[in-house]
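A.B. asks: Once you've had a glance at the structure underneath, I'll fire off some questions.
Nothing in this text is a laboratory measurement; each read-out follows from the coordinates by a stated rule. Since the structure is predicted, the reported quantities are computational estimates derived from the model, not experimental observations. Reconstructed Cβ throughout: ideal geometry from the backbone, glycine too, with neighbour counts over all protein chains shown.
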Ligand SMILES: N[C@@H](CCC(=O)N[C@@H](CS)C(=O)NCC(=O)O)C(=O)O
């Protein structure tokens, strides 16, 4: 059994909660961070005081791990090895998008925080700048997804998860977007996945 520590309105927690469902990993999630604060147990295991963190009680002596993308890789290695590409180049090409998504996340933060948590409007300078920056990166994703159906390659996989979480925010924020047909198709496919619907497609707060 995996315990996922973290509030579900966190993008980084969503990644892990969604991945656990997709991989069929038995798990429970306990709210932590944000308005929930941090327990002494959590503090003793994650000095960053950031979510998510997981604990895997299938490991003798217990195993705690933080850093969302590292958790995704661990879950695949430990519990869903068929999710890992055998081909080193294919794996690297896919993982590139897992690292790249942090750039997208950083640039989208201004629009997300502004519109969802700070009461700003689409005309606010920070929101305008953030929107323009994320649209620029979304065009890169759109071009990539013209070449292959998933960021992971031919089939859905690990590399689709981090960007998939932030893509929902991109499409859910009340902002104008240009036509991005390949990105839109990929996102539409994600919305049909039950794990995505239950963990990612929740109201932005
Ligand atoms: N690099 C870390 C970043 C984690 C992070 O920034 N988590 C945010 C939520 S998305 C957090 O814990 N914020 C403080 C809080 O929730 O109290 C990861 O990928 O896990």
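A.B. asks: So for each of 83-94, 11-22, 44-55 I average, over its residues, the number of other beta carbons within 10 Å; can you give me the resulting order with the highest mean first?
C.D. replies: Going by the mean number of other Cβ atoms within 10 Å, highest first, we get 11-22, 44-55, 83-94.
A.B. asks: Tell me the mean residue ellipticity at 222 nm calculated for the chain from its helices only (DSSP H runs of n ≥ 4, each -39500 (n - 2.57), averaged over every residue, nearest 500).
C.D. replies: That comes out to -17000 deg cm²/dmol.
A.B. asks: Now for a different question. How big is D for the chain, in µm² s⁻¹ as a whole number, if Stokes-Einstein is applied with the Kirkwood radius of its Cα pairs at 25 °C and 0.890 mPa s?
C.D. replies: 139
A.B. asks: P(r) tail for region 88-199, what percent of Cα pairs lie past 22 Å?
C.D. replies: Summing the P(r) tail past 22 Å for region 88-199 gives 31 percent.
A.B. asks: So, one more: Express in whole angstrom the spacing between the alpha-carbon centres of region 102-132 and region 2-51.
C.D. replies: Region 102-132 and region 2-51 have Cα centres spaced 24 Å from each other.
A.B. asks: Still on this structure, I have one more. Give the Rg (one decimal place) followed by the Dmax (whole number) of region 134-205, computed from C-alpha coordinates and expressed in Å.
C.D. replies: Rg, Dmax (Cα atoms, Å): 11.6, 34.
A.B. asks: Okay, next question. Can you give the convex hull volume per residue for the Cα atoms of region 70-135, as a whole number of Å³?
C.D. replies: Output value, Cα hull per residue: 100 Å³.
A.B. asks: A further question on this structure: Relative contact order (percent) for the chain, with alpha-carbon contacts under 8 angstrom and 6 or more residues of separation?
C.D. replies: This gives 22 percent for the chain.
A.B. asks: Using only the Cα atoms of region 2-83, construct the convex hull and provide its projected area averaged over every direction, in square nanometres to one decimal.
C.D. replies: Its Cα hull, projected and averaged over all orientations, spans 5.0 nm².
A.B. asks: Report the antiparallel proportion of the DSSP beta bridges in the chain as a percent, rounded to a multiple of 5.
C.D. replies: If we restrict to bridges inside the chain, about 65 percent are antiparallel.
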